[in-house]
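The values are calculated or read from the model by the stated rules, or taken from the named source; none is laboratory data. No experiment lies behind these values; they were computed from the predicted model shown. Counting neighbours? That spans all protein chains shown, and the Cβs are built from the backbone with ideal geometry, glycine included. Remember, those area values only see protein heavy atoms, side chains included, never the ligands or the DNA or RNA. Shrake-Rupley method; radii C 1.70, N 1.55, O 1.52, S 1.80 Å.
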Amino acid sequence: MELRLPRGLLDPRLGGAGFRADADGLVSLRIAFEAGRITAISPLPAQTATAANLPLALTPLVEPHAHLDKAFSAAAFPNRAGTMAAALAANQREYVQRSVEQVAERAERALERAWRNGVRAIRSHIDSVGVGAEPSWEALLAARERWRERLELQLVALAPMAHWLTAEGQSLARRVAAGQGLLGGVIGPPYGQGAARRSADREALLALLDLAERHGCGVDLHVDEADSCPGEGVAMVAQLVLEQRRAVAITCSHASSMALLPQRNCDRLADWLAAANIAVVALPTTNFWLLGRRPGRTPWRRPLAPIRSLQQAGVRLAIGGDNVQDPWYPGGDFDPIELLRWSAPLCQLMPWQRLGLAPFSTAAAAVLELAWDGVVRLGAPADLVLLGAGSWGELLARPPQRRVLRQGVWLPPPEAELPSPLLPPHG
């Protein structure tokens, strides 16, 4: 198979011996595979690479933050106002009506689309307190087992922070740990602010970290999903971890308001996160949809994790799709290529640069601590996403068709590339 691969996805030990990247950071090469593994990688001669119309290829990407339990629920529980308050109210109405069958159907649809779109791992948060918790966990644990050989699914217990101070919270932590899950919660505005709330959050976070250490769990928090009180929650988490020197893998998802800090303060907080070994997941789609809304006005500031400041500080930084067709965001389709295309102009990411692509690939794999970093090397999985684009410009110009290779076998195309039942047939 002949293709063009981003330099950041090629084994760095192959930097010489003819493996030269062009000005777009793409290396033209030939890959051979057998029994689902890459067996040979060789560079194409310059004249061959120039003359050939080679497809741009990526290794399957990573979704570091999703909500499979509520995906595809927007049609039945719409949020016409597009506000966080309306999203929460609709989510709560949906939550009390959940069944195992509903969540199982949503999860199967989501995982099938993600698999065929080129996703190899997903971390999903699950609403974990109340009547909808048990159906959600039952369905998603079964889905994880059913998909185990194809796609890695990590599950996070999303609970009010105060819940981790209770006996019920301790019991939940034990069950989550037994299922190899992570612990999570929500810290910082817009869900309360002020000294009393900060003190309560700190106490609950200490309890959560104690439980995580005791049971060997990772932690993934929703932090500062807001356009006010810049970086308040992130600063509290970073300071506490630095004080306590906790040996727990921690991710701060969102960190949206951090970007509203003055540059010096933002950079200092990024350094704290790096020193505390805390990862960050930026979530542009939901943040841009919900945050900064002003009635009758176009928002002039768009809270989003300060991607470049975090990367420059050495923080592991991933970008995720977050909500898909639910009350929090009405769009999305578990399509990592579309998320990459969408993020490039809005986050000013240049995918031909290593740090422009890494949040969807190698850095996202590091945040989820996956066994494979997504780099093409001898013995790596024969997993590729071949795109109907020969350059980054073509990829950004229009949604590309794709072919997805899994363990050396081509998958059928996703439904989105099949004829739409809404349109008349050709001819």
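In the range 213-237, what residues are part of a helix (DSSP H, G or I) and surrounded by fewer than 24 Cβ atoms within 10 Å (Cβ to Cβ)? Full working, then the answer.
In the first step, residues of the range 213-237 are kept if they are part of a helix (DSSP H, G or I); the result is 213-215, 232-237.
Scanning the range 213-237 gives 213, 214, 215, 232, 235, 236.
Among (1) more than 13 Å from residue 7 (Cβ to Cβ); (2) open to solvent by 20 Å² or more (accessible area, probe 1.4 Å); (3) assigned to a loop (DSSP other than H, G, I, E, B), where does residue 390 come up short?
(2)
Residue 124 fails exactly one of the following numbered conditions: (1) modelled with pLDDT of 95 or more; (2) of a type in the set (Ser, Thr, Tyr); (3) in a helix (DSSP H, G or I). What is the number of that condition?
Only one criterion in (1) modelled with pLDDT of 95 or more; (2) of a type in the set (Ser, Thr, Tyr); (3) in a helix (DSSP H, G or I) is unmet by residue 124, namely (3).
Within the range 84-96, which residues are open to solvent by 40 Å² or more (accessible area, probe 1.4 Å), of a type outside the set (A, V, I, L, M, F, W, C) and touching a residue at least 12 places away in the same chain (Cβ under 8 Å)?
The one that is open to solvent by 40 Å² or more (accessible area, probe 1.4 Å), of a type outside the set (A, V, I, L, M, F, W, C) and touching a residue at least 12 places away in the same chain (Cβ under 8 Å): 93.
Let's see how each residue does on (1) in contact with a strand residue (DSSP E or B) (Cβ under 9 Å, 6 or more places away or on another chain); (2) surrounded by fewer than 22 Cβ atoms within 10 Å (Cβ to Cβ):
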{"position": "2", "(1), (2)": "yes, yes"}
{"position": "14", "(1), (2)": "yes, yes"}
{"position": "20", "(1), (2)": "yes, yes"}
{"position": "25", "(1), (2)": "yes, yes"}
{"position": "39", "(1), (2)": "yes, yes"}
{"position": "53", "(1), (2)": "no, yes"}
{"position": "62", "(1), (2)": "yes, no"}
{"position": "66", "(1), (2)": "yes, no"}
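If I ask for residues that are under 28 Å from residue 67 (Cα atoms) and open to solvent by 30 Å² or more (accessible area, probe 1.4 Å), which ones from the range 254-271 would you list? Steps first, answer last, please.
Within the range 254-271, the first condition is being under 28 Å from residue 67 (Cα atoms), and the residues that meet it are 254-260, 269-270.
Listed by number, the residues that qualify are 259, 260.
So if I check each of 373, 333, which one is open to solvent by 10 Å² or more (accessible area, probe 1.4 Å), in contact with a helix residue (DSSP H, G or I) (Cβ under 7 Å, 6 or more places away or on another chain) and farther than 30 Å from residue 77 by Cα? Show your work before the answer.
Details: 333 fails: farther than 30 Å from residue 77 by Cα.
Of 373, 333, the one residue that is open to solvent by 10 Å² or more (accessible area, probe 1.4 Å), in contact with a helix residue (DSSP H, G or I) (Cβ under 7 Å, 6 or more places away or on another chain) and farther than 30 Å from residue 77 by Cα is 373.
From 34, 108, which residue is farther than 24 Å from residue 289 by Cα, open to solvent by 40 Å² or more (accessible area, probe 1.4 Å), touching a helix residue (DSSP H, G or I) at 6+ places or on another chain (Cβ under 8 Å) and modelled with pLDDT of 95 or more? Don't jump to the end; show me each part of the working.
Numbers: 34 fails: touching a helix residue (DSSP H, G or I) at 6+ places or on another chain (Cβ under 8 Å).
From the options 34, 108, the qualifying one is 108.
Residue check, residue 122 against (1) β-branched (Val, Ile, Thr); (2) within 26 Å of residue 363 (Cα to Cα); (3) out of contact with any strand residue (DSSP E or B) (no Cβ under 7 Å at 6 or more places or on another chain), all met but one. Which one?
Just one mismatch for residue 122, condition (3).
Only one residue in 57, 76, 40, 85 is among the hydrophobic types (A, V, I, L, M, F, W, C) and within 21 Å of residue 392 (Cα to Cα), so which one is that?
Working: 76 fails: within 21 Å of residue 392 (Cα to Cα); 40 fails: within 21 Å of residue 392 (Cα to Cα); 85 fails: within 21 Å of residue 392 (Cα to Cα).
After applying the criteria, what remains is 57.
Quick one: which residue in 326, 322 is in contact with a strand residue (DSSP E or B) (Cβ under 6 Å, 6 or more places away or on another chain), more than 27 Å from residue 55 (Cβ to Cβ) and either touching a residue at least 12 places away in the same chain (Cβ under 8 Å) or crowded, with 19+ Cβ neighbours inside 10 Å (or both)? So that I can check it myself, show each step before the final result.
On the way: 326 fails: in contact with a strand residue (DSSP E or B) (Cβ under 6 Å, 6 or more places away or on another chain).
Every option except 322 fails the conditions.
What's the total number of residues in the range 283-310 that are closer than 25 Å to residue 125 by Cα and assigned to a helix (DSSP H, G or I)?
9
Quick grid of which residues meet (1) touching a helix residue (DSSP H, G or I) at 6+ places or on another chain (Cβ under 8 Å); (2) more than 20 Å from residue 363 (Cβ to Cβ); (3) charged (D, E, K, R):
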position	(1), (2), (3)
11	no, no, yes
29	no, yes, no
38	no, yes, no
58	yes, no, no
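So residue 141 passes all but one of these: (1) part of a helix (DSSP H, G or I); (2) open to solvent by less than 10 Å² (accessible area, probe 1.4 Å). Which condition number does it fail?
With (1) part of a helix (DSSP H, G or I); (2) open to solvent by less than 10 Å² (accessible area, probe 1.4 Å) applied to residue 141, the lone miss is (2).
If a residue must be closer than 18 Å to residue 63 by Cβ and either in a helix (DSSP H, G or I) or touching a Gly at 6+ places or on another chain (Cβ under 8 Å) (or both), how many such residues does the range 256-282 contain?
So in the range 256-282, the residues closer than 18 Å to residue 63 by Cβ come out as 279-282.
Add one more test, that the residue is either in a helix (DSSP H, G or I) or touching a Gly at 6+ places or on another chain (Cβ under 8 Å) (or both), and what stays is 281-282.
Number of matching residues: 2.
Quick check on my filter: what residues within the range 160-193 are buried (at least 22 other Cβ atoms within 10 Å of the Cβ) and among the polar types (S, T, N, Q)?
none
Only residues that are farther than 27 Å from residue 209 by Cα and either among the small types (Gly, Ala, Ser) or open to solvent by 70 Å² or more (accessible area, probe 1.4 Å) (or both): list them for the range 272-311, please.
Within the range 272-311, 289, 292, 293, 294, 295, 296, 297, 298, 300, 301, 302, 308 qualify.
At pLDDT 90 or above and closer than 30 Å to residue 250 by Cα: which single residue out of 378, 405, 396, 384 fits that description? I'd like the intermediate steps shown before the answer.
Values: 378 fails: closer than 30 Å to residue 250 by Cα; 405 fails: closer than 30 Å to residue 250 by Cα; 396 fails: closer than 30 Å to residue 250 by Cα.
Matching residue, one of 378, 405, 396, 384: 384.
Residue by residue, here is whether (1) open to solvent by 20 Å² or more (accessible area, probe 1.4 Å); (2) more than 25 Å from residue 293 (Cα to Cα); (3) out of contact with any strand residue (DSSP E or B) (no Cβ under 8 Å at 6 or more places or on another chain) holds:
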| position | (1), (2), (3) |
| --- | --- |
| 69 | no, yes, no |
| 77 | yes, no, no |
| 81 | yes, no, yes |
| 102 | yes, yes, yes |
